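> Quick one: this structure, given as structure tokens, is what I'll be asking you about.
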Amino acid sequence: MNLAHYFDDSEALPIPYGLGKDASLFGKLSKAKTLNSFTFDCNSLVIFGVCESRNSNNPSAAKSPDCIRKYLYALSGASIKKKLIDLGNLKQTATPADAYMATRDIVAYLTSKGATVIVLGGTQEITWPVYQGIAENNKQVNISIIDHNIDFGNNDGDFSSTCFANKFLGEESDALFSLNFIGYQGYFVNSLHLKQLQQKHHDHYRLGYVRSSMAEIEPTLRDTDILSFDMGCIKQSDSPGKVYPSPNGFYSEEVCQLARFAGLSNRVKVFGLFELSTSNDINGQSCHLAAQIIWHFIDASNQQKPIPLHDNENEGVKKFYINSPIPNIDLIFLHNTVSDTWWIEIPKSKKYPSYILACSYNDYKRASNGEIPDRWLHAIKKLT
């Protein structure tokens, strides 16, 4: 792939009141004049912007990639160990469909090399071509969408930033395994859409639950391949740069924590941040917050640890067998004592080999008390 055919270099520079080049992320950034001189591998973090907003009512989102970069570049680069590469912004295309196709191809290429990709949107329907790119080389893809709404629209066949999620519900291939909606607010969501998710054995977590149970959301993000983040999920007082301002939502510290969970995961392949309305962004507050969200993802990515998933006490992994209420089935848990993470093993079936699922310590405690963890039940229904 000739990446130079796809990108324009970003001319964004760090804000003058940030850290100097020697201490900032900007000083650790690679921005080559010849894109094809880059080599990508599992030690690469790759940023690119998609200035696409034509299928939305948020036209100023197209300006957000460079607005975010100004603040991101000025933040600390002290933790950067991996290669950090900024490819620039996707060239303007004749139609949105062309932009989606290009995004799909770029994501497929970069992730096939092992790179982790950070997509600066743009609007959130870009999540679909990102998924298509991942699905070209992977099966059992897990997607998590952090949003105040569930963008199913009216099931009228339209494709836009407010109804792109219909594409996932209609996905018939075995590429899509799990679709998780995190932080939705009940008064914005059609209950029929929740029933549709339940019928497909996908998960949805209301805002109040997430805020009170961050430790229960961490395994979901640890098991995610694609994290799609809508800036509209943040309360207006913390982030005014949105099309539909709301007094309720996540606090800024909470979304940074969620981004950190994703960054620590060895599985996340793409982190996409979308729906920042620059025209409504007072004093650049939302752009600054978006930059800090991305910084937390990058910082955590540079602190990842290998997570062996076989029972080997020399590598800090212990296996626990628990009798379940289901006849002839034991619940098998793995505890990685180095990273203090818990996992549960799904027994093999005719359709799939055994499957290791991220879980929480509370799942282990519930199983010890004779309960079946919901994560295990949902996975069994999908795998059999």
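The values are calculated or read from the model by the stated rules, or taken from the named source; none is laboratory data. Because the structure is predicted, anything quoted here is derived from the model rather than measured. Every residue, glycine as well, gets a Cβ built from its backbone with ideal geometry; the counts of neighbours run over all protein chains shown.
> Considering each residue of region 281-290, count those that are over 17 Å from Tyr251 (Cβ atoms) and either small (Gly, Ala, Ser) or not assigned by TED's automatic domain parsing to the domain that holds Lys63 (or both), and give that number.
Selection size over region 281-290: 1.
For (1) over 30 Å from Gly153 (Cβ atoms); (2) touching a Phe, Trp or Tyr at 6+ places or on another chain (Cβ under 6 Å); (3) part of a helix (DSSP H, G or I), each residue gets a yes or a no:
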site: Glu11; (1), (2), (3): yes, no, no
site: Gly18; (1), (2), (3): yes, no, no
site: Lys21; (1), (2), (3): yes, no, no
site: Thr39; (1), (2), (3): yes, no, no
site: Phe48; (1), (2), (3): no, no, no
site: Asn55; (1), (2), (3): no, no, no
site: Pro65; (1), (2), (3): no, no, yes
site: Lys70; (1), (2), (3): yes, no, yes
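> Same structure again: Are there any pairs, at least 6 apart or on different chains, whose C-beta atoms fall under 6 Å, with the first in region 219-238 and outside the structural domain of Phe297 (by TED's automatic domain parsing) and the second modelled with pLDDT under 95, and if so, which?
Listed pairs, sorted by first residue: none to list.
> Condition check: of a type in the set (Phe, Trp, Tyr), buried (at least 19 other Cβ atoms within 10 Å of the Cβ) and under 25 Å from Gly284 (Cα atoms). Does Tyr71 satisfy that?
Against the criterion (of a type in the set (Phe, Trp, Tyr), buried (at least 19 other Cβ atoms within 10 Å of the Cβ) and under 25 Å from Gly284 (Cα atoms)), Tyr71 qualifies.
> Follow-up. If Ile329 satisfies all but one of (1) among the aliphatic types (A, V, I, L, M); (2) closer than 17 Å to Gln140 by Cβ; (3) modelled with pLDDT under 85, what's the number of the condition it fails?
Ile329 satisfies all of (1) among the aliphatic types (A, V, I, L, M); (2) closer than 17 Å to Gln140 by Cβ; (3) modelled with pLDDT under 85 except (2).
> Here's a follow-up. Answer with yes or no whether Ile15 is touching a helix residue (DSSP H, G or I) at 6+ places or on another chain (Cβ under 6 Å), β-branched (Val, Ile, Thr), more than 23 Å from Asp230 (Cβ to Cβ) and in the same structural domain as His288 (by TED's automatic domain parsing).
yes
> Let me ask something else about it. Criterion first (surrounded by fewer than 22 Cβ atoms within 10 Å (Cβ to Cβ), more than 25 Å from Phe250 (Cβ to Cβ) and outside the structural domain of Ala379 (by TED's automatic domain parsing)) does Asn166 satisfy it?
no
> Of the residues that sit in region 205-248 and are surrounded by 24 or more Cβ atoms within 10 Å (Cβ to Cβ) and of a type in the set (Gly, Ala, Ser), which one is nearest to Ala135 (Cα to Cα)?
Applying the filter and picking the extreme gives Ser228.
> Kindly indicate the residue of region 177-231 that is outside any loop (DSSP other than H, G, I, E, B) and small (Gly, Ala, Ser) and also nearest to Tyr355 (Cα to Cα) among those meeting that condition.
Only one residue tops the list, namely Ser178.
> Further question: Hey, any hits in region 88-99 for a residue that's under 30 Å from Ala23 (Cβ atoms), assigned to a loop (DSSP other than H, G, I, E, B) and not acidic (Asp, Glu)?
no
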